[in-house]
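Peer 1: This is the structure I have questions about; it appears just below.
The values are calculated or read from the model by the stated rules, or taken from the named source; none is laboratory data. Remember, predicted model here, so these are calculated numbers, not experimental data. Glycine also receives a Cβ, built like all others from the backbone with ideal geometry; neighbour counts cover every protein chain displayed. To get the accessible areas, we keep the full protein, side chains included, count just its heavy atoms, and leave off ligands, DNA and RNA. Shrake-Rupley method; radii C 1.70, N 1.55, O 1.52, S 1.80 Å.
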Amino acid sequence: MLLSRFPRVRLGHLPTPLEPLENLTRTLGGPQLWIKRDDCTGLATGGNKTRKLEFLVGDALAQSADTLVTQGAVQSNHARQTAAAAARHGLKCHILLERRVPDTEQAYDRSGNVLLDKLFGATLEYHDPGLDMNTEAELVCERLHSKGAKPYCIPGGGSSPVGALGYVNCALEIVNQANERSVKFDRIMVGTGSTGTQSGLVAGIEGSNAQIPILGICVRQPAAPQEAAVHQLVVRVAEKLGLQASIPKERVKANGDYVWAGYGIPSEGTLEAISMLAREEGILLDPVYSGKAMAGLIDLIRKGKFTKDETILFLHTGGSAALFAYEETMASILR
Ligand SMILES: *Cc1c(COP(=O)(O)O)cnc(C)c1O
């Protein structure tokens with residue numbers, strides 16, 4: 001897989017660190033836990049969208065675009081990283097924010113990612129939930145185009161075949177680091193939402209024949225539709241990469257047990273995971289994605305789903321900027 005075939009700009013501080021979670025491993029009594037620090041990609045407090053944006057902005061510039069348009073939930077980490085990437089490359093940025101999360105606290109609309117979107121100079125518009133937001137973003141692009149602008153439309157989460165190349169790249173990075181460090185990973189766990197991260201990883205791990213199973217922890221919808229959506233994008237990424245063999249559906253596994261009340265709503269387990277990683281490892285998770293994914297990992301370990309001598313890699317996808325929008329929600333773990 002030669003990723004240098006595809007247009008790309010450099011936005012991330014790569015490779016991100018690969019670290020053992022010694023304290024958490026001890027507390028839980030095994031398996032051996034490691035963490036891939038994609039919360040440290042370096043752009044605007046970091047996160048997984050940075051890798052996708054390297055290829056998306058590369059593609060936008062190759063098409064002579066002058067404006068990035070994208071969409072997400074109000075506290076979208078993708079929106080924040082897109083706004084920063086646009087600023088860095090002299091592009092305008094317009095973001096459609098969906099009021100997807102019910103009953104939020106006051107800080108939710110103002111602090112965290114929203115504050116940073118504005119700081120990076122993006123223009124924002126708000127939408128009530130229930131619309132097809134990718135279609136809404138395309139309509140905005142058509143309007144901008146008719147006024148003479150050159151918009152580049154990025155789907156929610158940057159999860160197009162182009163964006164997913166960023167996680168093909170991450171898969172290659174993980175395989176290299178594992179070989180350098182002589183660590184044999186038996187499994188990779190990652191939060192899965194708009195699907196680009198898991199799709200890129202699956203395509204990259206398959207394409208390099210590393211044979212590491214990947215389990216996505218759902219943050220928005222049940223496992224069956226999530227697996228179908230991830231696999232759909234895997235097929236398109238594999239095609240883009242020109243992989244010879246098709247990637248079977250069984251390579252895409254997701255667990256929907258930790259979505260709890262829905263997208264953007266943390267459970268007790270989510271809050272416990274945030275607290276544990278903060279106090280035992282000095283690592284920040286978030287209430288929407290990485291906290292839920294880690295809650296899944298911790299719960300599955302407690303239920304004995306993994307053997308003690310297994311080595312598991314948790315891919316930290318970032319999101320800590322959203323913590324500031326959830327201060328009241330986190331009251332029970334603050335002291
Ligand atoms: C977007 C996001 C995810 C999910 O990645 P997808 O590619 O959308 O599936 C996970 N964690 C964080 C912090 C995110 O911002």
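Peer 1: Run through every distinct alpha carbon pair of segment 257-301 and return the Kirkwood hydrodynamic radius in angstroms, one decimal place.
Peer 2: Its Kirkwood hydrodynamic radius stands at 10.1 Å.
Peer 1: Would you list the P(r) distribution for segment 164-211, with all Cα-Cα distances sorted into 5 Å bins from 0 and each bin expressed as a whole %?
Peer 2: Cα pair-distance distribution for segment 164-211, in percent: 5, 23, 31, 26, 11, 3, 0.
Peer 1: Putting +1 on Lys and Arg Cβ atoms and -1 on Asp and Glu Cβ atoms, find which of Val288, Val168, Ile154 reaches farthest to the positive end of the dipole of the chain.
Peer 2: Of Val288, Val168, Ile154, it is Val168.
Peer 1: Taking θ = phi - 60°, what integer Hz values does the Karplus form 6.51 cos²θ - 1.76 cosθ + 1.60 yield along segment 5-17, in sequence order, with x for Gly and Pro?
Peer 2: My calculation for segment 5-17 gives 5, 9, x, 7, 10, 9, 10, x, 8, 10, x, 6, x Hz in order.
Peer 1: Tally the DSSP beta bridges in the chain and give the antiparallel ones as a percent, rounded to 5.
Peer 2: Rounded to the nearest five, the antiparallel share is 10 percent.
Peer 1: To the nearest 20 Debye, how big is the dipole of the chain about its Cα centre, given +1 on the beta carbon of each Lys and Arg and -1 on that of each Asp and Glu?
Peer 2: Rounded to the nearest 20 debye, it is 700 debye.
Peer 1: Counting Lys and Arg as +1 and Asp and Glu as -1, each charge on the Cβ, what is the dipole of segment 44-178 about the Cα centre in debye, to the nearest 20?
Peer 2: Using Cβ point charges on Lys, Arg, Asp and Glu, segment 44-178 gives about 400 debye.
Peer 1: Could you give the radius of gyration (one decimal) and Dmax (whole number) of the Cα atoms in segment 279-319, in Å?
Peer 2: 11.1, 30
Peer 1: Taking amide hydrogens as modeled 1.01 Å from N in the peptide plane, which residues meet the under 5 Å criterion relative to His13, leaving out close sequence neighbours?
Peer 2: It is Gly42, Leu43, by chain and number.
Peer 1: Calculate the translational D of the chain in whole µm² s⁻¹ from Stokes-Einstein, where the hydrodynamic radius comes from the Kirkwood formula applied to all Cα pairs, the temperature is 20 °C and the viscosity 1.002 mPa s.
Peer 2: After rounding, the answer is 108 µm²/s.
Peer 1: Could you pull out the longest piece of the chain with no exposed loop GluC sites (Glu not before Pro) in it, calling a site exposed if DSSP puts it outside H, G, I, E, B and it has at most 16 other Cβ atoms within 10 Å?
Peer 2: Counting only loop sites that pass the neighbour cut-off, the longest clear stretch is 106-309.
Peer 1: How much accessible area per residue does the chain have, in Å², with a 1.4 Å probe?
Peer 2: Value returned for the chain: 42 Å² of accessible area per residue.
Peer 1: Also, I was wondering about something else. Using a cut-off of 10 Å between beta-carbons, work out the net charge of the residues near Glu280 (Lys and Arg +1, Asp and Glu -1, Glu280 not included).
Peer 2: 0
Peer 1: Under 5 Å between amide H atoms, partner at least 5 residues away or on a different chain: which partners does Ile217 have, H built in plane at 1.01 Å?
Peer 2: Val190, Gly191, Thr192, Asn255
Peer 1: Mind checking which of Val9, Ala107, Pro225 is farthest towards the positive end of the chain's charge dipole, using Cβ charges of +1 (Lys, Arg) and -1 (Asp, Glu) about the Cα centre?
Peer 2: The residue sitting farthest along the positive end of the dipole is Val9.
Peer 1: Another one. Going toward the positive end of the dipole of the chain, with +1 on Lys and Arg Cβ and -1 on Asp and Glu Cβ, which of Gly90, Thr329, His316 do you reach last?
Peer 2: Farthest towards the positive pole: Gly90.
Peer 1: Give, to the nearest whole percent, the P(r) tail of segment 1-112 beyond 25 angstrom, counting all Cα pairs.
Peer 2: Percent of Cα pairs beyond 25 Å in segment 1-112: 38.
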